[in-house]
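Quick notes on the structure that follows.
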């Protein structure tokens, strides 16, 4: 699953994709997959480069879009849609209570995640 979020410190956004480009235990965000996902979310990439941000298990990259700088997170295949939605519900709750947690970006179909 792939999700999109705002960078830490940004008021931003987060979403999800599972099982893209896994190598060992680390998922990798591939450029073609990120382009596909940004289209699902109705976003336009303004810069072609993906800035790797690390991650112990998930592949995490920064992208520049018309909405601003966002984070794309590629989740391992064992991350289910229900788990990702639950994480986004908790993040939204924490955000509403004033904690600096990124908000989920919603795809065109209303989901906070997509698959490639």
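Miscellaneous remarks
- For peptides 89-95, 60-66, sequence by mean Cβ density within 10 Å, most packed first: 60-66, 89-95
- Once the Cα-Cα distance is subtracted from the 0.36 nm per residue extended length, the residue 56 to residue 93 segment shows a gain of 10.8 nm.
- Separation in nanometres of the label points that stand 7 Å from Cα toward Cβ, at residue 86 and residue 32: 3.4 nm
No lab work stands behind these numbers, since they all come straight from the coordinates. No experiment lies behind these values; they were computed from the predicted model shown. Using ideal geometry, Cβ is built from the backbone for each residue, glycine included, and neighbour counts are taken over all protein chains shown.
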